[in-house]
Amino acid sequence: MTKIFWFTGLSGAGKTTLATAVAAELKTAGTTLRILDGDDVREKWHGHLGFSRMDILENNRLIAEMCVEAVENAESVLVPIISPYEEGRVFARERLGGAFRLIYFDAPLSYVENSDVKGLYAKARSGVINDMIGVSASNPYQVPAHPDLTIDISKESEAQSVARLVNYVVTEINDR
C-alpha cells in the first residue's frame with residue numbers, strides 16, 4: 001500500500017527542505033515517490049484561493065484529492081504543507097485512510113521568524129501580510145493532537161532530522 005506522509009508545521013519549519021532531502025535518499029534506494037508541495041500546488045493549480053480559513057481548508061481538501069490520484073504511480077507521496085487546522089488534517093486522514101501518516105514539524109515561532117527564508121514573517125510583523133498563519137490571531141496554527149512523528153529542526157541538525165525521517169518513511173513503506 002502506498003503511504004502518504006502529510007508534513008504539517010509553520011512556514012519555515014523545514015517541511016519542503018526535508019521532503020526534498022528524503023526524496024533524494026529514497027530515489028537513490030529505488031523507491032518511487034512523488035512530492036506534492038503545498039506552495040507549488042497552490043501556485044500551479046489553486047492560485048485562485050487566498051489565505052482565509054475556508055480557502056486554506058479548500059486547498060488542503062484539493063491536495064488530499066490529488067494524493068488519491070498520486071498513489072497510483074508511487075510507493076509514497078510526501079506532502080509538505082502548512083495545513084494549520086485540525087479540521088483539514090482530519091479530513092485528509094479520513095479521505096486517505098490507512099495510507100495517511102501525519103508528520104508534525106514542531107519549530108517554535110521564534111525559530112522560524114529568525115530564519116524567515118521567504119521574508120513572510122517580517123511582512124506579517126510590519127503589517128504587509130495581515131493573515132499570516134501562526135502570527136495573525138485570525139489565522140492560528142493548531143498543533144496536531146496525535147501526530148505519527150514529530151520533527152523539531154530547532155533541536156536537531158538537518159542531517160539528524162533527515163535520517164529519522166528516512167528511517168520512519170522506509171519502515172512505514174515496508175510495513176504494508
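Does Asn130 satisfy the criteria of being part of a helix (DSSP H, G or I), farther than 25 Å from Lys27 by Cβ and of a type outside the set (A, V, I, L, M, F, W, C)?
no
For region 89-114, give me the residue count where each residue is surrounded by fewer than 16 Cβ atoms within 10 Å (Cβ to Cβ) and small (Gly, Ala, Ser).
Going through region 89-114 one residue at a time, the tally reaches 3.
Residues that are among the hydrophobic types (A, V, I, L, M, F, W, C), crowded, with 17+ Cβ neighbours inside 10 Å and out of contact with any strand residue (DSSP E or B) (no Cβ under 6 Å at 6 or more places or on another chain): does region 139-148 have at least one?
no
Whether any residue in region 164-174 is touching a residue at least 60 places away in the same chain (Cβ under 8 Å) and more than 19 Å from Ile4 (Cβ to Cβ) is what I want to check.
No, region 164-174 contains no residue that is touching a residue at least 60 places away in the same chain (Cβ under 8 Å) and more than 19 Å from Ile4 (Cβ to Cβ).
Which of the residues belonging to region 130-157 are within 16 Å of Thr17 (Cβ to Cβ) and at pLDDT below 90?
The answer is Ile153, Ser154.
Look at Tyr104 and say whether it is of a type in the set (Phe, Trp, Tyr) and in a strand (DSSP E or B).
It is true that Tyr104 is of a type in the set (Phe, Trp, Tyr) and in a strand (DSSP E or B).
Within region 57-71, count every residue that is surrounded by fewer than 17 Cβ atoms within 10 Å (Cβ to Cβ) and without any contact (Cβ under 8 Å) to a residue 24 or more places away in the chain.
3
Any residue at all in region 122-134 that is loosely packed, with under 12 Cβ neighbours inside 10 Å, without any contact (Cβ under 8 Å) to a residue 60 or more places away in the chain, over 20 Å from Phe51 (Cα atoms) and not aromatic (Phe, Trp, Tyr)?
No; the residues of region 122-134 include none that is loosely packed, with under 12 Cβ neighbours inside 10 Å, without any contact (Cβ under 8 Å) to a residue 60 or more places away in the chain, over 20 Å from Phe51 (Cα atoms) and not aromatic (Phe, Trp, Tyr).
Conditions tested, residue by residue: (1) within 18 Å of Val79 (Cα to Cα); (2) in a loop (DSSP other than H, G, I, E, B).
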residue	(1), (2)
Ala122	no, no
Ser138	no, yes
Pro144	yes, yes
Pro147	yes, yes
Glu156	no, yes
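In the list Thr17, Thr8, which residue meets the criterion of being farther than 22 Å from Gln142 by Cβ and either in contact with a His (Cβ under 9 Å, 6 or more places away or on another chain) or hydroxyl-bearing (Ser, Thr, Tyr) (or both)?
Matching residue, one of Thr17, Thr8: Thr17.
Spot the failing condition for Gly97; the list is (1) touching a residue at least 60 places away in the same chain (Cβ under 8 Å); (2) on the phi > 0 side of the Ramachandran plot, and only one is missed.
Condition (1) is where Gly97 drops out.
Does Arg61 fit the bill of being at pLDDT 90 or above, on the phi < 0 side of the Ramachandran plot and of a type in the set (D, E, K, R)?
yes
The values are calculated or read from the model by the stated rules, or taken from the named source; none is laboratory data. Predicted, not measured: the structure shown is a model, and the values here were computed from it. So basically every Cβ, Gly included, is an ideal-geometry build from the backbone, and we count neighbours across all protein chains shown.
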